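Chemist: One structure, as structure tokens, below. Some questions next.
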Amino acid sequence: MKKAAILGSTGSIGTQTLEIARMNKDIEITALAAGNNIALLEEQIREFKPKLAAVWSEEKAAELRSRVRDLEVKIVSGMDGLIEAACEPEAEILVTAIVGMIGILPTIEAIRTKKDIALANKETLVTAGHIIMSLAREKGVSILPVDSEHSAIFQSLQGGQEKAIHKILLTASGGPFRGRKREELADIQVEDALKHPNWAMGRKITIDSSTMVNKGLEVIEAKWLFEVSVDQIQVIVQPQSIIHSMVEYRDGAVIAQLGTPDMKLPIQYALYYPERRYLPGDRLDFTALSQITFEQPDMETFYGLKLAYEAGRAGGTLPTVFNAANERAVALFLDRKIRYLQIPEIIQACMEAHLNISHPTVEEILKTEQETYEFIKNRW
């Protein structure tokens, strides 16, 4: 019986992780953490019977305690509660599926207690990759990617030689606005940007996909996961979302992972690695598949991707600025306070105003995040 804790249990990745636990029947959930959806969290607690559950707000935690007072479960709140859930003593693996830099400290503490990490919180590596990967090596902990693209790269490396990587081919669907020019995006509304052609995801990541900022975050994440430079990572638009990513080796061989767009595959692979288990669902039918096409990404229209490469090359605190500026800009767009094209404009302005710190501590990373938020608050 494998024992797991989940941060972000009520979100898309979290609920699918619980589907896998429900289906396989040999994963015990020892801790759950969520934001504010305590109705769903209560259902999860009643079904999976964790020893501990965390919510962000103490007010929500008090309400949850009242709802589950008939159960033997400890309810905690705030950052201390997240860390307690991440470090639940019996858990062997932590699924980090919360959105944002809030995941950094719980992930670090979980690594310190020698838990493997099934990583679906890309901001953790984008902003603190130099800290996370070094600590994981020191503690002998595995960082197992859950993002479909990074899982595809990880799978393509099995049986290969990581030191023989020539480059990583990171695929992108192109999002709902693939092929459009900047002037055609001037009047994009929230509803338009939330219509992803292939994947069902949360609101923030769906907007990020439409701007291609998400692919930029994935470039920086891949740099840390696979110990390559950002210039060894080539983004390729593959609109059908059949090839999830590829690795090109020094001898010219290219190994790819293909499959239908289903996040349960990379989640299950991370949970049971190196074992492969049966997963019900659609299968690729190559006789019915008419074509797989490829395109160059348009980094002039979707220049958030270009900014990500700049941040990834520079390193230091600049990726934190990139991430934090995007996080706040997307929130403003979802609240209809800025226009769609202002998202990359805000990111660029924040990056240009920032004085980079080359080897930041966690405290400097978190301070940079707050300074970026303040910069945006004072200008937009």
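The values are calculated or read from the model by the stated rules, or taken from the named source; none is laboratory data. It should be emphasised that the depicted structure is a prediction, and the values quoted were computed from it without experimental measurement. Virtual Cβ from ideal backbone geometry, glycine too; neighbours counted across all protein chains shown. Accessible surface areas use protein heavy atoms only, side chains included; no ligands, DNA or RNA. Shrake-Rupley method; radii C 1.70, N 1.55, O 1.52, S 1.80 Å.
Chemist: Could you list, bin by bin from short to long, the percent of Cα-Cα pairs of region 122-168 in 5 Å steps?
Modeler: 5, 17, 21, 27, 25, 5
Chemist: For the pair R277 and D251, how long in nm is the line joining their label points, each one 7 Å along Cα→Cβ?
Modeler: 3.5
Chemist: As an exercise, identify the GluC sites (Glu not before Pro) in region 268-367 lying in DSSP coil whose Cβ has no more than 10 other Cβ atoms within 10 Å. Intermediate values should be presented prior to the final figure.
Modeler: Working: sites: E275, E295, E300, E310, E327, E345, E352, E363, E364; in loops: E275, E300.
For GluC sites (Glu not before Pro) across region 268-367 that sit outside H, G, I, E and B with at most 10 neighbouring Cβ atoms in 10 Å, the list reads E275, E300.
Chemist: Can you tell me the FRET efficiency between L71 and L258 if r is taken as the Cβ-Cβ distance and R0 is 35 Å, rounded to the nearest 0.05?
Modeler: Working: r = 43 Å, r/R0 = 1.23.
The computed FRET efficiency comes out at 0.20.
Chemist: Using helices alone, I'd like the mean residue ellipticity at 222 nm for the chain: each DSSP H run of four-plus residues gives -39500 (n - 2.57), total over residue count, nearest 500. Before the final figure, lay out the partial values.
Modeler: Details: 15 runs with 172 residues, N = 380.
Using -39500 (n - 2.57) per qualifying helix, the result is -14000 deg cm²/dmol.
Chemist: Here's something else I'd like to know. Students often check this: by mean Cβ neighbours within 10 Å, which of 146-157, 110-121, 31-42, 181-192 ranks highest, and how do the rest follow?
Modeler: Working: 146-157: 24.6, 110-121: 22.6, 31-42: 20.8, 181-192: 11.8.
Descending packing order for the listed peptides: 146-157, 110-121, 31-42, 181-192.
Chemist: When a/c is below 1.5 the answer is rounded, else prolate if a/b is larger than b/c, else oblate, so apply that to region 12-82 with a ≥ b ≥ c taken from the square roots of the Cα gyration tensor eigenvalues. Working shown, then result.
Modeler: Details: a/c = 1.95, a/b = 1.58, b/c = 1.24.
Since a/c reaches 1.5 and a/b is larger than b/c, the shape of region 12-82 is classed as prolate.
Chemist: Distance in nm between label sites at L341 and L135, each 7 Å beyond Cα in the beta-carbon direction?
Modeler: Going by the 7 Å Cα→Cβ label model, 4.2 nm.
Chemist: So, one more: Restricting to bridges with both residues inside the chain, how much of the DSSP beta-bridge set is antiparallel, in percent to the nearest 5? Could the numbers behind the result be given before it?
Modeler: Values: 10 of 40 bridges.
Bridges in the chain that DSSP calls antiparallel: roughly 25 percent.
Chemist: Between E47 and M299, with labels modelled 7 Å along Cα→Cβ, what's the label distance in nm to one decimal, could you check?
Modeler: 4.3
Chemist: Please give me, ordered by residue number, the chymotrypsin sites (Phe, Trp or Tyr not before Pro) of region 292-364 that lie in loop per DSSP and have at most 14 other Cβ atoms within 10 Å. Please list the in-between numbers first.
Modeler: Values: sites: F294, F302, Y303, Y309, F322, F333, Y340; in loops: F294, F302, Y303, Y340.
Filter output for region 292-364: F294.
Chemist: Further, regarding this structure: Quick check on region 42-182: take the gyration tensor over C-alpha atoms, sort the square-rooted eigenvalues as a ≥ b ≥ c, and tell me if it's rounded (a/c under 1.5), prolate or oblate. If you can, show how the numbers build up before the last one.
Modeler: Values: a/c = 2.35, a/b = 1.60, b/c = 1.47.
Prolate, because a/c is 1.5 or more and a/b exceeds b/c.
Chemist: Here's another thing I want to ask about it. When ligands, DNA and RNA are left out and all protein chains stay put, how many square angstrom of accessible area per residue does the chain have with a 1.4 Å probe? Intermediate results must be reported in sequence, preceding the final value.
Modeler: Details: 16620 Å² over 380 residues.
With all protein chains present, the chain gives 44 Å² per residue.
Chemist: While we're on this one: Over all directions, average the projected area of the Cα convex hull of the chain and note it in nm².
Modeler: Details: hull surface 75.1 nm².
Across all orientations, the chain yields a mean hull projection of 18.8 nm².
Chemist: Per the Debye formula with a single identical scatterer at each Cα and no solvent contribution, what log10 I(q)/I(0) holds for region 90-173 at q = 0.24, 0.27 Å⁻¹?
Modeler: -1.25, -1.37
Chemist: Using only the Cα atoms of region 297-343, build the gyration tensor, take square roots of its eigenvalues as a ≥ b ≥ c, and label the shape rounded, prolate or oblate: rounded if a/c is under 1.5, else prolate if a/b is larger than b/c, else oblate. Don't jump to the answer; show the numbers that get you there.
Modeler: Values: a/c = 4.08, a/b = 1.40, b/c = 2.92.
Here region 297-343 falls in the oblate category.
Chemist: Please compute the length gained on full extension between R180 and D80, using 0.36 nm multiplied by the number of residues separating them and subtracting their Cα-Cα distance.
Modeler: Values: separation 100, 0.36 × 100 = 36.00 nm, distance 4.50 nm.
Contour length minus the Cα-Cα distance gives 31.5 nm.
Chemist: Counting only the heavy atoms of the protein chains, how much of R22 is accessible to a 1.4 Å probe, in Å² to the nearest 10?
Modeler: Surface open to solvent at R22 totals about 100 Å².
Chemist: Sticking with this one: Under the 0.36 nm per residue contour assumption, what length would be gained going from the current alpha-carbon distance of A331 and L194 to full extension?
Modeler: Details: separation 137, 0.36 × 137 = 49.32 nm, distance 1.31 nm.
Taking A331 through L194 to full extension adds about 48.0 nm, to one decimal.
Chemist: Distance between the C-alpha centers of region 150-193 and region 338-380? Whole Å please.
Modeler: 24
Chemist: For the chain, which whole-number percentage of the solvent-accessible area (1.4 Å probe, protein heavy atoms only) is attributable to carbon and sulfur atoms? Intermediate values should be presented prior to the final figure.
Modeler: On the way: 8110 of 16620 Å².
Roughly 49 percent of what the probe reaches on the chain is carbon or sulfur.
Chemist: Tally Lys/Arg at +1 and Asp/Glu at -1 over every other residue whose Cβ is under 14 Å from the Cβ of T372; what's the total? Mind showing how you got there, number by number?
Modeler: Details: positive: R328, K367, K377, R379; negative: E123, E327, E352, E364, E369, E371, E374.
With Lys, Arg at +1 and Asp, Glu at -1, the neighbours total -3.
Chemist: Follow-up. Gap in Å between the Cα centre of region 83-122 and the Cα centre of region 265-297?
Modeler: Going from one Cα centre to the other spans 26 Å.
Chemist: Please compute the length gained on full extension between R203 and A164, using 0.36 nm multiplied by the number of residues separating them and subtracting their Cα-Cα distance.
Modeler: Numbers: separation 39, 0.36 × 39 = 14.04 nm, distance 3.75 nm.
Length difference between fully extended and current span is 10.3 nm.
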